[in-house]
Amino acid sequence: MRIEATIATLAPDLKVIAPVRSWQMGREEEIAYAREHGIPVKGGTEAAPYSIDDNLWGRSSEGRWIEDLEHAPEDDVFQLVTPPERAPDEAELVTLEFEQGVPVALNGERLELVELLERTAALGARHGSASSITSRTASSA
């Protein structure tokens with residue numbers, strides 16, 4: 001819902017297609033549907049005490065005790081980041097290039113958007129929250 005609210009606010013001309021929501025499925029029905037149709041379910045299954053939703057732009061984890069400040073989340077919540085104690089001691093400089101607001105290159109290498117996002121996410125995950133990112137605007141040709 002958060003992504004849909006953001007899109008509705010920033011780009012109301014875009015249509016969000018969310019079949020599970022329009023079909024009004026509950027979590028158990030979603031999992032059963034995914035399994036029946038061979039769709040992998042990462043985290044958030046009936047065994048987990050929380051739900052994890054991720055896509056190319058990020059991940060959100062929520063539910064039950066994970067929102068309780070008295071109970072630290074367990075390691076499996078942080079599948080996309082390296083805990084600080086295991087992250088490199090040295091920062092890594094990452095350069096992103098943009099054209100008309102769209103990222104087009106990572107460290108000087110032009111990439112398709114999906115690959116660029118996946119590689120950038122891997123770089124950030126390796127450093128947890130300690131990565132440094134700078135950007136520059138490339139001229140539009």
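The values are calculated or read from the model by the stated rules, or taken from the named source; none is laboratory data. Please read all numbers here as calculations on a predicted model, not as lab measurements. The area values use the complete protein model at the heavy-atom level, side chains included, leaving out ligands, DNA and RNA. Shrake-Rupley method; radii C 1.70, N 1.55, O 1.52, S 1.80 Å.
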Quiz item: Check Val94: other-chain or 5+ apart residues with amide H under 5 Å from its amide H, H built from backbone geometry?
Solution: Ser132, Thr134
Quiz item: Which value, in Å² and to the nearest 10, is the accessible area of Arg126 when all protein chains are kept and the probe is 1.4 Å?
Solution: 110
Exercise. List the residues whose amide H sits under 5 Å from the amide H of Val104, counting only those 5 or more places along or on another chain, with H placed 1.01 Å from N in the peptide plane.
Key: Glu97, Phe98, Glu99
